[in-house]
Amino acid sequence: MFSRNKTTSKIDTDQHELMEHAQERIKVKKRLYNHFIIFLVGSVFLVLINKILKYGEAYDWFIWAITLWAFLFVIHAVNVLFSRKFMGLEWERKQREKLVEKQKRRIAEIQKEIETDFPISNINQKKDSWEKLP
């Protein structure tokens, strides 16, 4: 219990990345479910305000409000349930690798430009001539 040799579980980077992704996925789904509950409760309140409290009684404006809110909820659901599957971990890795490769190519191009504009042999010659000065 009080020993100094505590066993610590070492999680490699892949497992850690998967755990972080799972945590983020859980948060996103939880927000979607909360949005659905708020949508249901809010829709009931909109109907009550229009029909029971007779606010704007001449026109059933709650239908448009609920329809607009339902449309926004559907967009949220599609984003969480479908587009995140297509753009999941593997997609993120590929995008990251593409960007890193693009950066490496650009760095190599810049280094090549520098070497052609300022060859190392010329720099060494100038350095040697400076060292010979009294």
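Among the candidates 63, 26, 49, 37, the residue that is assigned to a helix (DSSP H, G or I) and modelled with pLDDT of 95 or more is uniquely 37. Residues of the stretch 85-112 that are open to solvent by 100 Å² or more (accessible area, probe 1.4 Å), more than 30 Å from residue 22 (Cβ to Cβ) and among the charged types (D, E, K, R): 104, 105, 106, 112.
Within the stretch 14-67, the set of residues being in contact (Cβ under 8 Å) with a residue 24 or more places away in the chain and polar (S, T, N, Q) comprises 43 only. In the stretch 50-69, of all residues being of a type in the set (A, V, I, L, M, F, W, C) and touching a helix residue (DSSP H, G or I) at 6+ places or on another chain (Cβ under 7 Å), the one that is surrounded by the fewest Cβ atoms within 10 Å (Cβ to Cβ) corresponds to 61.
The values are calculated or read from the model by the stated rules, or taken from the named source; none is laboratory data. All values derive from a computational prediction rather than experimental measurement. Reconstructed Cβ throughout: ideal geometry from the backbone, glycine too, with neighbour counts over all protein chains shown. Heavy atoms of the whole protein, side chains included, go into the accessibility calculation; ligands, DNA and RNA do not. Shrake-Rupley method; radii C 1.70, N 1.55, O 1.52, S 1.80 Å.
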